[in-house]
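Chemist: Sharing a structure, written as structure tokens. Questions coming.
The values are calculated or read from the model by the stated rules, or taken from the named source; none is laboratory data. Just so we're clear, the structure is a prediction, and the values are computed from it rather than from any experiment. Reconstructed Cβ throughout: ideal geometry from the backbone, glycine too, with neighbour counts over all protein chains shown. Accessible surface is based on the protein model in full, side chains and every heavy atom, while ligands, DNA and RNA are left aside. Shrake-Rupley method; radii C 1.70, N 1.55, O 1.52, S 1.80 Å.
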Amino acid sequence: MRRRHYHHDYFTTVVLLLAGISTLVIFGRQEMAMAEEPPSRVIELPGPASEGSVPLERTLAQRRSVRSYRQVPMTLEEVGQLLWAAQGISSDRGYRTAPSAGATYPLEMYISVGDVDDLAPGIYRYRPREHDLVALIDGDRRDALTRASLGQGAIQKAPAVFIVTAIYARTTGRYGDRGIRYVHMEAGHAAQNLCLQAVARGLGAVVIGAFHDREIRAVLGLGKEETPLYVIPVGK
Ligand SMILES: Cc1cc2nc3c(=O)[nH]c(=O)nc-3n(C[C@H](O)[C@H](O)[C@H](O)COP(=O)(O)O)c2cc1C
């Protein structure tokens, strides 16, 4: 009996050790993959402006949903400014332009580029800390986004389409089910920041909530843990 018990313990120890090592390797790789993008896939954004000439009151008074745009390209500076307004870093301690429950930061920002100076058509993910873009998928994906959004023409015609997604677990991990409402509140904060910044830059935007999650996920190449919340076409 005693001997068998000894064998069992030895076996368990080896299995646990192997499991531990493989977990370390897998997580180590993931960390590396997240931290170090190949340089060719990273596009630096111009530093965001923290002052502007349009009063906040005017942006509030003028904000309206805009669903058609002039066919002129947006600039990389405008794209960077809008992403910063939505989720950019605004403090040395890593806090952002939009509030976040417990600073859990469940939101991710993507952009589907159609016609932006110095930015090839494709899908990009915004990295707030680096204030840059990581290229994820090459090619204009606005048609696919439009189909996924019940054929809404604003998406097709916009030079750039911003997408707000959420990883709920970041917030529900701390707040349980109540975290779900917090995440939705945060998406509203981020989207409104983006819309007001658009007005201040002479741009128009509309927040779109009517789309098929599964199809948007497929277009952006998102995992199951990440949920698209808002699609926001922007243009002049
Ligand atoms: C949660 C939410 C979802 C929305 N979804 C859509 C949408 O799918 N398509 C669209 O054209 N507008 C959408 N809108 C924009 C509203 O239609 C618009 O805000 C409303 O008509 C008021 O007009 P205004 O934004 O110009 O003040 C949405 C707005 C919100 C807040």
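Chemist: Tell me the angle of helix 178-200 to the major Cα principal axis of the chain, expressed in degrees between 0 and 90 and rounded to the nearest ten.
Modeler: Result, in degrees: 30.
Chemist: Helix 76-87 sits at what angle to the longest principal axis of the chain, using alpha carbons and giving 0 to 90 degrees rounded to 10?
Modeler: 60 degrees
Chemist: By how many degrees, 0 to 90 and rounded to 10, does the Cα axis of helix 2-35 deviate from the longest principal axis of the chain?
Modeler: Helix 2-35 sits at roughly 20 degrees to that axis.
Chemist: Share of the range 42-235's accessible area from carbon and sulfur, percent, 1.4 Å? Intermediate results must be reported in sequence, preceding the final value.
Modeler: Numbers: 4230 of 8910 Å².
Whole-percent figure for carbon plus sulfur exposure: 48.
Chemist: A follow-up question, please. Before I look further, what does the chain give for accessible area per residue, probe 1.4 Å, in whole square angstrom? Show your work: numbers first, answer last.
Modeler: Working: 13190 Å² over 236 residues.
Per-residue accessible area for the chain comes out at 56 Å².
Chemist: Also, I was wondering about something else. With 10 Å bins from zero, work out the P(r) of the chain over every alpha carbon pair and list the percent per bin.
Modeler: Result returned by the calculation: 7, 29, 33, 16, 6, 5, 3, 1, 0.
Chemist: I need the peptides 55-61, 41-47, 84-90 ranked by packing, meaning the mean over residues of other C-beta atoms within 10 angstrom, with the highest value on top.
Modeler: Numbers: 55-61: 11.4, 41-47: 14.4, 84-90: 21.9.
Per-residue mean Cβ counts within 10 Å order the peptides as 84-90, 41-47, 55-61.
Chemist: At 222 nm, what value in deg cm²/dmol follows for the chain if DSSP H runs of at least 4 each add -39500 (n - 2.57) and the sum is divided by all its residues, to the nearest 500? Mind showing how you got there, number by number?
Modeler: Numbers: 8 runs with 103 residues, N = 236.
Helix-only estimate at 222 nm: -14000 deg cm²/dmol.
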